[in-house]
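Notes follow once the structure below has been shown.
The values are calculated or read from the model by the stated rules, or taken from the named source; none is laboratory data. Keep in mind that what you see is a predicted model, and the values were worked out from it rather than measured. So basically every Cβ, Gly included, is an ideal-geometry build from the backbone, and we count neighbours across all protein chains shown. All accessible areas refer to the heavy atoms of the entire protein, side chains included, with ligands and DNA or RNA removed. Shrake-Rupley method; radii C 1.70, N 1.55, O 1.52, S 1.80 Å.
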Amino acid sequence: MPRRAARGRGAGAPVSLDTLQDYVWKDDGPPASNALNVYVSYLRRKLRGSRMAVVETMRGIGYRLARKQD
């Protein structure tokens, strides 16, 4: 998650889809309706080997970066 998009929220707080789209694509909007989902999938793949964090989907809200549970 972009740190700027999460500013003002507590650690692990969800970030709305609209906030993420506005941050990434500014006023242009996403190039495709599923573009954000695709990039979150890429991020999850990169974090798969991480022992620290995971991207969680918050249905109807957005996403959040959370500590990985052992």
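Projecting each Cα onto the charge dipole of the stretch 24-64 (Lys/Arg +1, Asp/Glu -1 at the beta carbon, about the Cα centre), which of Thr57, Asn34, Leu47 comes out farthest on the positive side?
Of the candidates, Leu47 comes out farthest on the positive side.
How far, in nm, would the chain grow between Asp22 and Leu43 when pulled straight, counting 0.36 nm per residue and subtracting the alpha carbon separation?
Full extension of this stretch gives 5.8 nm more.
If you roll a 1.4 Å probe over the heavy atoms of the protein chains, what accessible area per residue do you get for the stretch 17-70, in Å²? The partial results should precede the final answer.
Values: 4390 Å² over 54 residues.
With the other protein chains kept in place, the stretch 17-70 gives 81 Å² per residue.
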